[in-house]
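The values are calculated or read from the model by the stated rules, or taken from the named source; none is laboratory data. Bear in mind the structure is a predicted one, so any value in this text is a computation, not a measurement. Quick reminder, even Gly has a Cβ in these numbers, built from the backbone with ideal geometry, and neighbours come from all protein chains shown. The protein model used for the area step is the full one, side chains on, heavy atoms only, and it has no ligands, DNA or RNA in it. Shrake-Rupley method; radii C 1.70, N 1.55, O 1.52, S 1.80 Å.
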Amino acid sequence: MVESKSLILDNKQVNQKIKRMAFQIFENNFDEKEVVLAGIKNQGYILAQLLQEQLNEIATFKTRLVGVSLDKEAPTQSNISLDCDEKEVKNKTIILIDDVSNTGRTMAYSLKPFLNIKVKKLETSVLVNRSHTQFPISIKYSGFELATTIKEHVEVFLGKVDKCVYLL
């Protein structure tokens, strides 16, 4: 069986979405001194880097990039950790970032390290929000809302040169 792909967002559109998301983050956090961009490893972390580049051009606050590691296939059995000391994110505004939100499961489990820390505010951001939530997660900043069946798969590529989103 040959898998067919439908291009949903091309490179230019993905870049526009990321830029708009950065402006939204700035507008809602303009009075902050520092905002922590916590990207869920792999594609979520790359999206966090791209958002940081945009925010560094427009925002008055500093940004700190933090990686969140977990096994997306078995989040209950995996060690969920930050690639920094917890003190570095204490009392800060945190934006938890992933590439796609499907059921909200990955985002929900990725909150675990922040539940042990006093944070000022915790918001969520994804490039593609599929809105098939089965977990109590609300996405604050999304680049694109996509109505699909639960069986369809969204694939995000955030390469150095080319960025795109496919529906499989």
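Treat each spin label as a single point 7 Å out from the Cα along the C-beta direction, and report the E145 to E57 distance in nm.
2.7
Would you mind checking the tilt of helix 43-58 against the longest principal axis of the Cα atoms of the chain, expressed as 0 to 90 degrees and rounded to 10?
Taking Cα atoms only, the helix is inclined about 60 degrees.
Whole number in Å², please: accessible area per residue of the chain, 1.4 Å probe, ligands, DNA and RNA not counted. It would help to have the intermediate numbers written out before the result.
Details: 9090 Å² over 168 residues.
Solvent-accessible surface per residue comes out at 54 Å².
Evaluate the relative contact order of the chain (contact order divided by residue number), counting alpha-carbon pairs under 8 angstrom at least 6 apart; express in whole percent. Intermediate values should be presented prior to the final figure.
Working: 333 pairs, mean separation 44.0, N = 168.
About 26 percent, as a whole number.
So what's the gap between the Cα centers of the stretch 102-168 and the stretch 30-88, to the nearest angstrom?
13
Over 19 Å apart: what share of the alpha carbon pairs of the chain falls there, rounded to a whole percent?
Details: 7553 of 14028 pairs.
Result for the distance tail: 54 percent.
Using a 1.4 angstrom probe and counting only protein chains, how large is the accessible area of R130 in Å², to 10?
10
May I ask for the Kirkwood hydrodynamic radius of the stretch 27-106, worked out over all distinct Cα pairs and given in angstroms to one decimal?
On the way: mean 1/r = 0.0753 Å⁻¹.
Answer for the stretch 27-106: a Kirkwood hydrodynamic radius of 13.3 Å.
When only alpha-carbon atoms are used, what values of Rg and Dmax, in angstrom, describe the stretch 52-146?
Cα-based Rg and Dmax for the stretch 52-146 come out at 13.6, 40 Å.
Size of the stretch 121-168 along its principal axes in angstrom, Cα-based, largest extent first?
33, 30, 13
What is the percent carbon and sulfur in the accessible area of the stretch 42-139, measuring with a 1.4 Å probe over the protein chains and ignoring ligands?
On the way: 2050 of 4820 Å².
So the carbon and sulfur contribution to the accessible surface is 43 percent.
Any idea what angle helix 11-29 forms with the longest principal axis of the chain, computed on alpha-carbon atoms, 0 to 90 degrees, nearest 10?
30
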